[in-house]
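Colleague: I have a structure I would like to understand better, so I am pasting it below and will then ask my questions one at a time.
The values are calculated or read from the model by the stated rules, or taken from the named source; none is laboratory data. Predicted, not measured: the structure shown is a model, and the values here were computed from it. Cβ placement follows ideal geometry from the backbone for every residue including glycine, while neighbour counts extend to all protein chains displayed. Remember, those area values only see protein heavy atoms, side chains included, never the ligands or the DNA or RNA. Shrake-Rupley method; radii C 1.70, N 1.55, O 1.52, S 1.80 Å.
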Amino acid sequence: MKKRFSFVLIFAMLASLLTACGGAGETTVTGSAPAVEGSMEELLGKVIEERPVEFAGGITVVDLSDTSEEGLWSLKNYTGLDSADAIADAAAFEPMMNAMAFSMVMVRAQSGVEGKTVAEAMKAGIDTRKWICVEADDLLVAGFGDVVLLVMVDSASGMTAQSFVDACQKAVGMEPDFVI
């Protein structure tokens, strides 16, 4: 009986080890979307390298663990989302000191959450007039695997949201799964 139990225990341990290590070298999947390598902060930096801007901007990592009133306001302000339940990582690139309607936000969907669902919630919830004096009139949300990119700009600036979606495509090395 002890031998049989030992074999079952060894088999269970081997199965769990193979399951845990079996993904090495494979692409992680969120729903049916492949994972994009890198943090949102790193990926935003790559997008800006591909599509430079003519203003001083900065990347802000969004603290998804801050559930205070200020933290939830920040989450909503950057992503358009009311809660961070569906996302695992988020960062934003915006002008530092400028009355310019421009925001580029990147989030990673939680495992098991479809990127398009996150994208639709972001688009529906974002405030294109969050700057008070100016408004973004060009807004796109695109999905690249488990990453969602939201870009909104004032078209009078000479920039287009599409140019940043194209830059993201180059930065992550894949075509968008969707653009809404």
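Colleague: What is the set of long-range amide H partners of residue 138 at a cut-off below 5 Å, with H atoms built 1.01 Å from backbone N?
Modeller: For residue 138, the qualifying residues are 153, 155.
Colleague: Rank these residues by their accessible area, most exposed first, probe 1.4 Å: 178, 164.
Modeller: Listed by decreasing accessible area, they come as 178, 164.
Colleague: In whole Hz, what ³J(HN,Hα) sequence does region 147-163 give by Karplus (6.51, -1.76, 1.60; θ = phi - 60°), x for Gly and Pro?
Modeller: Per-residue couplings from phi come out as 10, 10, 10, 10, 10, 9, 9, 8, 4, 5, 6, x, 9, 10, 4, 4, 5 Hz.
Colleague: What is the distance, in nm, between label points placed 7 Å from the Cα along the Cα-to-Cβ direction at residue 135 and at residue 178?
Modeller: With each label placed 7 Å out from Cα toward Cβ, I get 2.6 nm.
Colleague: Let me ask something else. Please calculate how many Å² of accessible area region 83-180 carries per residue, with a 1.4 Å probe and no DNA, RNA or ligand atoms counted.
Modeller: Accessible area per residue: 42 Å².
Colleague: Let me ask you something else. More than 16 Å apart: what percent of Cα pairs in region 87-138 qualify?
Modeller: 48
Colleague: With 5 Å bins from zero, work out the P(r) of region 106-180 over every alpha carbon pair and list the percent per bin.
Modeller: 3, 17, 26, 23, 17, 9, 3, 1
Colleague: Let me ask you something else. Check which residues have an amide H placed less than 5 Å from residue 84's amide H, if you skip close sequence neighbours.
Modeller: Excluding prolines and chain starts, which carry no amide H, there are no hits.
Colleague: Tell me, what ³J(HN,Hα) does each residue in region 38-50 have, in order and in whole Hz, if you take phi through Karplus 6.51 cos²θ - 1.76 cosθ + 1.60 with θ = phi - 60° and put x for Gly and Pro?
Modeller: x, 6, 5, 4, 5, 5, 4, x, 5, 4, 5, 5, 6
Colleague: Just flag the trypsin sites (Lys or Arg not before Pro) in region 107-171 sitting in loop per DSSP whose Cβ has no more than 16 other Cβ atoms within 10 Å.
Modeller: Hits after loop and neighbour filter: 129.
Colleague: Applying a 10 Å radius around every beta-carbon, put 135-143, 69-77 in order of their mean neighbour count, most first.
Modeller: My ranking of the peptides, most packed first, is 135-143, 69-77.
Colleague: Could you tally the net charge around residue 72, taking each other residue with its Cβ under 9 Å from the Cβ of residue 72, Lys/Arg +1 and Asp/Glu -1?
Modeller: Charge balance in the 9 Å sphere: -3.
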